[in-house]
Amino acid sequence: MELREKACEILRRLRREYPSPKVALNFNTPFELLVATILSAQTTDVHVNKVTENLFKKYRSVKDYADTPIENLQKDVSSVNFYKTKARNIQGTARMIIEKFHSEVPKTMDDLISLPGVARKTANIVLSNVYGIDEGIAVDTHVKRVSYRLGLTKNEDPVRSERDLMAITPREEWGNLSHLLIFHGRKICQAKKPKHQECVLYDICPSNKI
Ligand code: SF4
């Protein structure tokens with residue numbers, strides 16, 4: 001099966017398995033999704049949602065994050081990995097958004113990745129889930145692993161995986177593809193013990209015996 005055809009078939013089957021794929025992080029505003037995504041590096045979405053439940057009640061605006069003493073913000077996110085760096089990045093991002101972007105989360109890849117702690121993955125998540133802009137594909141640990149196992153890319157580096165996936169899927173599917181591979185990676189194609197026998201992609205997956 002040619003790669004594009006295979007990618008379409010994978011999308012078709014995964015859409016049937018996971019009919020309403022969406023980002024698992026809770027948020028009410030574009031800035032809240034940015035905060036949640038920064039916090040989610042090396043931390044589960046479930047845990048981030050627990051932390052942001054209180055955080056979002058306490059910090060109501062971008063200015064609240066920009067103005068608070070950094071120690072307070074660090075304390076409020078202290079249960080996530082690398083909380084000190086993440087808190088500094090969140091505050092730096094808030095200040096830059098106020099100073100350079102009129103307090104609005106920017107809508108372009110270049111502007112987003114100019115913010116502290118924001119790389120392509122985070123930018124893609126915000127662009128796709130807040131603004132409906134498919135500029136690229138958010139490649140997290142699940143997308144990276146599952147797409148590699150399926151043979152959709154030969155690269156394990158996220159930037160190269162993203163480029164490979166973009167080349168074989170229609171642009172309007174980029175957001176969906178990321179969500180679907182994440183859902184599948186969490187439920188079936190898990191890192192340590194992939195459930196090959198329960199997988200709807202078994203017959204077209206080159207890694208179905210590892
Ligand atoms: S067959 Fe196995 S390795 Fe391939 S996608 Fe399914 S669970 Fe993952």
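Is it fair to say D164 is more than 9 Å from the ligand (Cβ to nearest atom), charged (D, E, K, R) and within 20 Å of R15 (Cα to Cα)? Taking the combined requirement at face value, the residue does not satisfy it.
Against the condition surrounded by 14 or more Cβ atoms within 10 Å (Cβ to Cβ), within 16 Å of the ligand (Cβ to nearest atom) and not assigned by TED's automatic domain parsing to the domain that holds I113, how does G175 come out, does it pass? Against the criterion (surrounded by 14 or more Cβ atoms within 10 Å (Cβ to Cβ), within 16 Å of the ligand (Cβ to nearest atom) and not assigned by TED's automatic domain parsing to the domain that holds I113), G175 does not qualify.
The set of residues in segment 61-87 that are under 28 Å from H179 (Cα atoms) and either at pLDDT below 95 or not hydroxyl-bearing (S, T, Y) (or both) comprises V62, V77, V80, N81, F82, K86, A87.
The values are calculated or read from the model by the stated rules, or taken from the named source; none is laboratory data. This one's a predicted model, so the numbers in the text were calculated from it and none came from an experiment. Backbone-built Cβ (ideal geometry, glycine too); neighbour counts: all protein chains shown.
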